[in-house]
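The values are calculated or read from the model by the stated rules, or taken from the named source; none is laboratory data. In this text the structure is predicted, and so the values were computed from the model without any measurement. Here the Cβ positions follow ideal geometry from the backbone for every residue, glycine too, while neighbour counts run over all protein chains shown.
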Amino acid sequence: MTLHDLRQSIQGRVLLPGDSEFEQAARPWNLAIDQRVGAVVEAAGVDDVAAVLAQARAAGTPVVTQPTGHGATGDIDGAILVRTHRFDRLEIDAEARVARVGSGVSWGRIQKAAAAHGLTGLAGSNPAVGVTGYTLGGGAGWFTRKFGWASDAVRAFEIVAADGRPARVTAANDPELFWALRGGGGDFGIVTGLEFDLFPLPSVYGGRVMFPGERVAEVWETFQRLTADAPVELSVWFQRFQFPGAPEMAAIDIAYLGDVEAGRAAVAALDDLGGALSDNRGALTPAEIGAITAEPTDPSPSLSRGELLTDLGDEVTKVLVRDAVAPLLNIQVRGLGGGFATARPEGGARGPVTEPYMLYLLGPGLPEVREAVADRQRAVVAALGEHISTRKPYTFLSPGESAAAAFDEATLARLRELKRNRDQHNTIRANFPVLG
């Protein structure tokens with residue numbers, strides 16, 4: 001087989017190097033990632049996916065899926081990149097509180113459809129992120145403390161297995177594969193659809209309160225107070241921003257899963273601070289949750305690093321609050337707890353996260369500053385030393401890291417055994433493969 005042979009068996013679009021639209025089709029969401037794939041297949045249906053797998057298996061060519069391009073690592077040279085954005089089914093069963101979606105659907109569409117019925121899915125903070133990769137990696141955001149991980153809510157996956165056979169995977173008909181798909185990443189089949197629970201949530205109280213950078217110590221102290229005994233309905237994130245040519249700013253982002261009165265009471269400490277540069281807190285629907293952080297929804301170049309923090313002691317404060325932000329754009333700390341730490345007996349490979357906080361470091365990925373940003377990220381992590389956990393959530397792995405950082409030894413061994421049994425040729429490759 002040559003990659004040109006794909007066009008003979010695919011109903012959707014096949015793009016190869018040299019085609020006028022190939023570069024755009026192969027582009028990941030993070031433009032700092034160099035993704036040199038051998039072909040892009042925009043699958044029109046399950047038969048296309050099966051045909052790609054059959055030919056790739058015979059040729060020894062890996063297959064990677066990226067519905068929206070998020071989570072790309074660049075480590076897929078020569079692979080066939082399958083785009084599943086044409087799998088765009090979206091059904092909301094309001095009475096049963098269930099969503100049935102195609103693997104190409106973004107969270108923004110799901111949240112808008114569910115919110116019309118006073119319901120929510122367990123989306124992240126960015127509406128442009130697709131449901132599939134996010135959920136396969138566990139999926140955590142504003143709703144996790146109250147309702148748990150997105151992977152916990154899944155009832156069924158529709159996949160095409162490595163051998164080309166379509167299957168509906170549930171806890172009843174394939175418990176081991178169902179376990180792996182709930183947080184173990186995308187190594188075990190190409191997902192074409194998901195069915196998951198929705199949760200009643202008529203309103204959210206949320207927004208960002210921004211302060212001048214010289215008040216960062218006060219903002220940090222308030223963040224610590226709010227997260228020390230926050231109800232599970234409340235999620236709080238601390239932010240330090242340093243945008244080029246602008247003064248430093250500090251912020252607290254909040255999402256309270258309930259009405260305005262209860263939400264405002266839960267974060268009264270913010271009102272005590274006074275002197276905010278801006279405060280856009282108010283009533284939101286679950287469909288408007290992305291407005292809290294207003295993260296970019298278009299492709300851009302960036303370098304990010306995520307870590308779990310064991311505490312927020314004096315040494316952590318010095319590194320994250322007193323030291324400079326630049327050349328980073330953002331130092332973010334999220335309060336965890338609640339549903340993050342839940343270990344359900346029937347849960348998937350994700351496992352609980354018992355660390356109380358998560359650190360996220362973001363910088364521009366432009367060539368002229370990339371090395372300085374990466375050095376600064378490494379320096380921050382090194383300075384935090386023993387306050388950094390030995391593992392991190394799968395969806396917060398960065399290029400160059402391994403899936404081994406997201407799982408304990410027993411879970412990783414179990415995932416690897418399943419991978420070898422179900423995909424003997426290692427045809428399907430996740431962004432962070434368990435055999436990598």
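Scanning the range 207-256 for residues that are in a loop (DSSP other than H, G, I, E, B), closer than 23 Å to residue 337 by Cβ and either touching a helix residue (DSSP H, G or I) at 6+ places or on another chain (Cβ under 6 Å) or among the small types (Gly, Ala, Ser) (or both) returns 230, 232, 233. Residues in the range 116-146 that are within 24 Å of residue 158 (Cα to Cα), more than 12 Å from the chain's Cα centre (by Cα) and surrounded by fewer than 24 Cβ atoms within 10 Å (Cβ to Cβ): 119 only. For the criterion of being modelled with pLDDT of 95 or more and within 19 Å of the chain's Cα centre (by Cα), residue 110 passes. Do you know which residues across the range 245-256 are in contact with a Pro (Cβ under 9 Å, 6 or more places away or on another chain) and in contact (Cβ under 8 Å) with a residue 60 or more places away in the chain? Once the filter is applied, which keeps residues that are in contact with a Pro (Cβ under 9 Å, 6 or more places away or on another chain) and in contact (Cβ under 8 Å) with a residue 60 or more places away in the chain, the range 245-256 yields only 248. Taken as a whole, the range 363-377 holds no residue that is of a type outside the set (Val, Ile, Thr), part of a helix (DSSP H, G or I), in contact with a Phe, Trp or Tyr (Cβ under 8 Å, 6 or more places away or on another chain) and crowded, with 16+ Cβ neighbours inside 10 Å.
Looking across the range 101-145, the residues that are closer than 19 Å to residue 65 by Cβ and of a type in the set (A, V, I, L, M) come down to 101, 105, 110, 128, 129, 131, 136. Take residue 68 and tell me if it is within 30 Å of residue 99 (Cβ to Cβ) and assigned by TED's automatic domain parsing to the domain that holds residue 12. Answer is yes for this residue.
Taking residue 156, is it of a type in the set (Gly, Ala, Ser) and either modelled with pLDDT under 95 or not in a loop (DSSP other than H, G, I, E, B) (or both)? Answer is yes for this residue.
Looking across the range 22-50, the residues that are in a loop (DSSP other than H, G, I, E, B), under 20 Å from residue 87 (Cβ atoms) and not basic (Lys, Arg) come down to 28, 29, 37, 43, 44, 45.
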